[in-house]
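Written below as structure tokens is the structure these notes are about.
Since every read-out is calculated from the coordinates, none of them should be taken as a lab result. These figures come from a predicted structure and were not determined experimentally. Please note: Cβ atoms are built from the backbone with ideal geometry, for glycine as well, and neighbour counts cover all protein chains shown.
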DNA sequence: CCGGAGGCGTTTTTT
DNA sequence: ACGCCTCCGG
């Protein structure tokens, strides 16, 4: 991504044919592999020409196929060079796939085509044009954590926390405004002058903008917003891109926000004659229309308003609803035939989404037949639910399904804990997409801070981070002195550190600063290379290795006793591997390209079809993906729809669309699971089945265990169990709570709390506390020894140590009963026993953790 | 200046 | 229940 050419590789600028004048039916006679095999609507979407095209693409209706064929069709018919095409996708992975498929359709030569996300495309433009508005090309891209760190400083400085401002709430408000293309100045004109809180917010916003600029940094929202700003403030720059991109295609258009919409608007403006004159290289006559303008690029958007699920980050459904009014001469093509799912799954999806009153009628259908019924299951708790998922995954796998054909969805990331625990125990390979991502881990951010600072030595957030990692005796005091010096002298942080003799530091601190500065300077030289001495820029892997070696970050982690630190050291080694891989895949691309790629990875980019693992993700991350078997978990009121959404206008409808997205990801098998109690913040509470379940026709769901069964059974059991117990904490008010069944709760929390209450009676408060602490410590140690997976439930922790199992051994499992080991595979803590149980048949168990004992 | 311990807020979804 | 942050003792 070092540079880009405005000319086609063939050397002929803006060439083949008169752009925009194609008649669309180029290959009307004779077979055309790009159109044959498509249904009439799809074919129309491929060959339609004109200023604007909206493809309303229902879930699974083959829109990716249509998009790739459309682009290939344009190129093959010589209506456009690849370099004249800009295709916007939702994730980097989707972009890579689309490029590959187009390559496949054309045989070769889709180079020069821009296929990327909004954010990547904008970074590319901004890096190229940064100097025009006071940035330099090596600018840092702040992720939300960096933004929050900056806001935290500003809020502290302004004492704004006393007015209830937090980095999070100020950040989300700023983000919302930026998505509307409102900057601090514009906002200050519309605000309520008499509200001190509003005035303070404007001050925060202003300082935030200033600090970003001083740091030579953009936040996520800036990437889009500043590009729009660039185009509006510099028509000559805009003209370069307006001229270059003759065909713009945008996927998932229903999830574009105002800033993204504005970007598209800017890019699809004609170039006026006065700008045409200033363009270099010179314009050919055939690029111009009769009035001397370069005509507007043709725009194709693909979307489905039923799948709009990003309103919370500013997505505006009106962009797609009003498209026809917005872009004169727009044609609309509807794709309703589904090629992905069975009819049962589609019927359920249609039934659910049909409850949204504010939509256009649309029905998905398939020619493929009904398929299996949807399976429903209600567990007593989220662990019960997770156990069902794990067992069912194993059954599917035994039935011949690859693990990578299976996905488990949930509404919130916190739901992964219970699922992971059961998957680990069942020895099912899985992968969590999104959540706490690799690049968000502290140790990774620490190491990345060095690389970022090399590219942008003006960035205080990054610099502050690397000063303290690893600990080297440079604390907040030293940092503040250096930062003041840096600002006063107008130099960058590395220079300020090199000149720390001019400040009065003690010898120890001074030495630490100088050796750090020396290392950074050396690394920066390596990164830049030296063209005069024929020295190429150093590979990113070498830079990273230098940093890790000199700082001894890995060694220091290994020296600690905490097993978590071993995992951190491994993560750093993994990072080196990632960098090396980047160097191989994009030789000579350079440090900035690496940093950009890392900043813009999306959750779904991690998906690897060949990994052979079950995929866990939120339903948001699942958008655009498909799997043979899909589990939607936590289908409960308060979770799906989420509690937070019920008060928001349109909140429920958006949740319903989310459910719709989830359902329509499934090709063959769909499971809907829930639990009748769920632990939230540690407290167990009763969960009700989601309203969305009632919207699915009854006969479609095969309930293995219905919500009704569990409530009645669990209720009876739990009442007997908890009869003397009162509500909440104190157990003394017993019996006062037996009015309705809905207030019963299960699980161990009741047991624990009554034990805690009775403790003071038999001793003093102190000893009870000590005992509790000891228990907690023991649990922690056991967990660490057991491989350290998160959120093990206390009392459930197991460690079978080095239990020896051999084929033929009899074992007893807490849930499955007795069985016989048929084989043992794997090694060490990952040893897996394959066993046949008398009651439930074949199961795989992780020897170290499974609740089993060996029978003699 | 650094590490541990206790206190507090946290969870809706993401580029 | 957990992790982050702050406060306190070396």
Largest-first principal axis extents of the Cα set of region A:254-332 (Å)
44, 25, 15
Residues A:218, A:681, sorted so that the one with the fewest Cβ neighbours within 10 Å comes first:
A:681, A:218
For A:504, A:341, A:137, ascending order of other Cβ atoms within 10 Å (fewest first) is A:504, A:137, A:341
Region A:628-707 to region A:351-377: how many Å between their Cα centroids?
15 Å
Rg in Å to one decimal, and Dmax rounded to a whole Å, for region A:445-568 via C-alpha atoms
15.2, 48
Ranked A:133, A:201, criterion: other C-beta atoms within 10 Å, fewest first:
A:133, A:201
What value does region A:347-388 have for Rg/Rh, both radii from Cα atoms and Rh as Kirkwood defines it?
1.15
Largest-first ellipsoid semi-axes for region A:496-605, taking √(5λ) over the Cα gyration tensor eigenvalues, angstrom:
27, 24, 12
Would you kindly compute the Cα radius of gyration of region A:349-444 and its largest Cα-Cα separation (Dmax), both in Å?
17.4, 52
Long-range tail of P(r) for region A:144-208 (Cα pairs > 15 Å, %)
45 percent
With just the Cα atoms of region A:582-686, tell me how far they stretch along each of the three principal axes, in Å, largest first.
56, 33, 30
